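These notes concern the structure reproduced below.
FYI, it's all coordinate maths here, none of it is from the lab. Keep in mind that what you see is a predicted model, and the values were worked out from it rather than measured. We place every Cβ from the backbone using ideal geometry, glycine too, and count neighbours over all the protein chains shown.
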Amino acid sequence: MTSVSSAPEHPGEAAVLSVDLERKREAPSLARAAIAGFSENHEMGESTRAALALLVSEVVTNAVIHPDLDQPGDIRLRACIDNDVIRVEQAA
């Protein structure tokens, strides 16, 4: 797993997490750990953190189980926290 995260350098700037995961059974738990570490520096309720962990787990699990590729490759997970908006996306 390779991860690159950046905290915002200036107030009001979005915080971004980008994680590259190998397409294997451990990927969802590694993604949950990455998003947990990333989100702990941001003010959000426990239910929001739990929903975020579930979302990330589901997205990465689907990428592992249902790859839309001829050759399995890595999974790129990206999360962005900007004000009150959290965006999570996955790309192969």
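Restricting the first residue to region 23-37 and requiring it to be in contact (Cβ under 8 Å) with a residue 24 or more places away in the chain, which pairs with a second residue that is charged (D, E, K, R) and not in a helix (DSSP H, G or I) meet a Cβ separation below 9 Å and a spacing of at least six or different chains?
The qualifying pairs are 23/74; 30/22.
Is there any pair linking a residue in region 81-92 that is within 16 Å of residue 67 (Cβ to Cβ) to one that is hydrophobic (A, V, I, L, M, F, W, C) and surrounded by 13 or more Cβ atoms within 10 Å (Cβ to Cβ), with Cβ under 7 Å and at least six apart or on different chains, and which?
From residues that are within 16 Å of residue 67 (Cβ to Cβ), the pairs are 90/59; 90/60; 90/63; 90/75; 90/77; 92/63; 92/75.
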